[in-house]
Amino acid sequence: MTKTTKINIFSENIFPSLEIDEKKYIDRAKKILKFYLSEIQDKSCLASFEYNVISFDFLYCDSVKTHEINREYRNKDYPADIITFAIFADTPDDERFIFDGEINLGEVMIALDKVQEEASKKNVSFDYELSFLISHGILHLLGFDHQTEEDYNFIIELQNKALESIGIKKE
């Protein structure tokens, strides 16, 4: 990422039962992305591409919506706390495109009711759990996955470092 790289993050909350400060989480996501790009850009799906804008979306919803998406697109019959559509990363290298210097990484869906549930189970704050999921979704958008225990441990360690780098700690 060059100094002139612009980050566009779009956010929409369609879960009327829980309002969040979307601007706060957009700002936090930008900081997390900048951290990841400073640490692992050469290992990400962006490694060999020239760009000056990175964009992606967050959709905050409920677990009814993630259950529906899981069934329809992933053939999994359960609600998820997070679903990531990593459009750029999941497209073969030779089919990826950059329009006017902009890379659209995709979309992250987060079920806010599941965030509340998981925060309670883990005995952490809602803010921490949502930030953790945001950082997790960004890693998926950058092409990282956790199919092995080694990959999972790498991702969790990287997420913890990213959150620490912006002052987010388990509460």
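No value in this document is a laboratory result; all are computed from the given coordinates. Small disclaimer: the values here were computed from a predicted structure and weren't measured. For neighbour counting, all protein chains shown are included, and Cβ atoms are generated from backbone atoms with ideal geometry for every residue, glycine included.
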Legend entry - Computed [θ] at 222 nm, helices only, for the chain once each DSSP H run of length n ≥ 4 contributes -39500 (n - 2.57): -14500 deg cm²/dmol
Inset, instruction - Report the antiparallel proportion of the DSSP beta bridges in the chain as a percent, rounded to a multiple of 5. - result: 25 percent
Legend entry - Length-normalised contact order for the stretch 1-87 - Cα pairs under 8 Å, 6+ apart - percent: 36 percent
Legend entry - Convex hull volume per residue for the chain, taking Cα atoms only, in Å³: 126 Å³
Legend entry - the chain, relative contact order in percent, only Cα pairs under 8 angstrom and at least six apart counted: 24 percent
Inset, instruction - Mind checking which of Leu105, Ile138, Gly167 is farthest towards the positive end of the chain's charge dipole, using Cβ charges of +1 (Lys, Arg) and -1 (Asp, Glu) about the Cα centre? - result: Gly167
Legend entry - For the stretch 55-63, Karplus couplings with θ = phi - 60° (6.51, -1.76, 1.60), whole Hz, Gly/Pro x: 9, 6, 10, 10, 10, 8, 9, 10, 6
Inset, instruction - Taking the Cβ of each residue in Glu102, Glu129 as the centre, tally the other Cβ atoms inside 10 Å and list the residues starting with the fewest. - result: Glu102, Glu129
Legend entry - Assigned charges on the beta-carbon of Lys, Arg, Asp, Glu; the chain dipole about Cα centre (debye): 540 debye
Inset, instruction - Taking each pair of different alpha-carbon atoms in the stretch 93-171 once, compute 1/r for the pair, average those values, and report the inverse of that mean as the Kirkwood hydrodynamic radius in Å to one decimal. - result: 14.2 Å
Inset, instruction - Report the calculated FRET efficiency for Asn52 and Tyr73 (r = Cβ-Cβ distance, R0 = 35 Å), to the nearest 0.05. - result: 0.70
Inset, instruction - State the percent of C-alpha pairs, over all pairs in the stretch 51-119, separated by a distance greater than 15 angstrom. - result: 59 percent
Legend entry - Residues Phe132, Phe144, sorted so that the one with the fewest Cβ neighbours within 10 Å comes first: Phe144, Phe132
